[in-house]
Structure formats: structure tokens, C-alpha cells
Amino acid sequence: MVQQLTPDAIEALLVFYRDAGVDMALSEEAVDRFAEGEAELAARQAAMSAQRSASRDEPGNGRSPAAAARPVPVSAVGSPPAPDAAVYAAREAARSAADLDELKRILESFDGCALKATASRTVFEDGARDARVMFVGEAPGRDEDLAGKPFVGRSGQLLDRMLAAIGLDRKTNAYIANIIPWRPPGNRTPTPQEIAICEPFIRRQIELKAPDLLVCVGGPSTETLMGLKGIMKSRGRLQPFAVGDRQIQVIATLHPAYLLRSPIAKRQAWRDLLTIKAVLGL
Ligand code: URA
């Protein structure tokens, strides 16, 4: 019997799907797996295993029977195409931007990253463009996707309090962006391909913004921009950072989302903030 859902229940279900990262329909007809009878399931499994053994015996299948019986690693079948073309297109597009407004326009019309299709907005920047310090986080979450601005949700509010503690605020003297400008569905971790495609844009954004101090907020930003793995040991150390033909300073610090989960780590974040404050002479 087909269950009739109320409009409210349908809306709640769609919200649940969206938050879980479901971003496409695979078939016109929904498949009700619960309704499939045991017999039907067993018949399908038997057909699949017959098909598997037939293809294992096929001449020209270079894998030995023993190897063929083993599951094929995911990376060996149907892996997505190399992102080289998209990365190249991103580099060319980013390079062509003469200023931040143009970079924003280019990013908004760039279709080389699949994340854009599921995000509702391109989240480019927030804060003062003439600030001496630029903070770069990972990727927008749900609140940022709705607002079109980075760091506006719970972790953004904590970031604002951290900034305020050293005399910074995004209206007057702090500038904020992310390495990824589109929300990954369900807030999943961006893939290395997605990061590689977006990286030329954030690098160009840093170049055009030309801060004196760059702050990588959290592990993914630190790894992408500073090339350092392990935020706990990378954080807090000032390093030189080349921006075009200028040399600026960079420092990594802990992500406010991490601090919300592990408040004990605020002690280390505070030390990083004091270093930032000293560099800026606040
Ligand atoms: N986390 C980030 O890294 N960036 C945001 O914009 C929001 C949450």
C-alpha cells in the first residue's frame, strides 16, 4: 500500500535528504527496498553472481581467476576523470582576474567544479578588503551557503569572538575567505580533486587582497596553502609566504569548529591569537 505523506512530512524528508548530501535522483521511480520480497532479492543476487562468474571466464580478461574473484578496488574502476582540465581552466580563469570584483565574477561563472551545482551560492569573502590580515577557512557550511558569506554559523560566531579578543573585527580590520567557495553537500569533506580545482582561485584571491599576514584556519587550509599536514604541530609558527613577488607571513591556527568540540584546545588557539596580535602591532 502506498503511504500518503503530508506536505510537512515531505518537506522534512527533503530537508533530511539535503542535509545528508543527497544531491541527485538516479531514477524516475523510487525503489522501495523494504518492499522487495526475499525471493526477489535472492533471485537478483543469484543473477548477479552468475554474471560475475561469466565475466571472470571471459577470454581477454587479463586478471587471473583468483584475482578476478577478489573485489576490484574502487580506484581501479569507474574512477572520475583526472581533474587536469578543470585545474588548468581554473588556473587560467583565476590568473585573468585583475581585481577582487573580477575574480568574484569569474568564480560565479566558473563551472569546472561540481560542488557549484549543489550549492545555492558562491561564498567568496567577508570583511574589510583593506585589512592587513586575511583568514582562510575550509568551506562554507549550511549557514554560509544560505548567507553567501564565510563563517557566519556557530563556528563563525566563535571566530568573531576570537577576533574581538585581539582587537579585530570583520567590518574594519579583518578579511575572511575559504579555500572552497561552494558548500560540499551535507558538509562532507571536499575531495582532493575539488580542492585542486578551487586552489588557484584562493591563491589569486590572496594575491589580489595582498594582506601582510595570512592565517590558515584549520587543517585543510593549512595543508592546501602551507603544504603542512598535522595542524597540531603546524599551528602557531610564523613562516614566510610568497604572494606574487611579495613575501608576507603566514600562520596556522585551530579551526573554531574544532574548538567548539574540544574547548581545552582554546589555550593553544589563544597563543596563536597573541602571535597574530603582535605581528599586526595591535
Ligand atoms: N567553516 C569554514 O571553514 N568556513 C566557513 O565559512 C564556515 C565554517
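The values are calculated or read from the model by the stated rules, or taken from the named source; none is laboratory data. This structure is a prediction, so every number in the text was calculated from the model and none was measured. Here the Cβ is made from the backbone with ideal geometry for all residues, glycine too, and neighbour counts use every protein chain on show. Just the protein is used for accessible areas: all its heavy atoms, side chains included, with ligands, DNA and RNA removed. Shrake-Rupley method; radii C 1.70, N 1.55, O 1.52, S 1.80 Å.
Quick notes
- Solvent exposure of F201, expressed as accessible area, is near 10 Å², computed with a probe of 1.4 Å over the protein chains only.
- Solvent-accessible area per residue in region 123-280 equals 42 Å², computed with a 1.4 angstrom probe and all protein chains kept.
- Restraint check, K104/K229; K104/K266; K116/K266; K171/K277; K171/K233, Cα-Cα greater than 27 Å: K104/K229; K104/K266; K116/K266; K171/K233
- Computed from the Cβ-Cβ distance with R0 of 30 Å, the FRET efficiency linking Q157 to D212 stands at 0.70.
- ³J(HN,Hα) computed for each position of region 162-178 - Karplus, 6.51 cos²θ - 1.76 cosθ + 1.60, integer Hz, glycine/proline x: 5, 5, 4, 5, 10, x, 10, 8, 6, 7, 10, 9, 9, 10, 10, 8, 10
- Cα-centre dipole for region 123-280 with unit charges at Cβ (Lys and Arg positive, Asp and Glu negative), debye to 20: 540
- Taking the 1.4 Å solvent-accessible surface of region 120-174 as the whole, the part contributed by carbon and sulfur is 46%.
- R0 of 30 Å, Cβ-Cβ distance K104-R188: FRET efficiency to nearest 0.05: 0.75
- For region 203-282, the fraction of 1.4 Å probe accessible surface lying on carbon and sulfur atoms is 53 percent.
- Cβ-derived FRET efficiency at R0 41 Å, F16 paired with A242, nearest 0.05: 0.35
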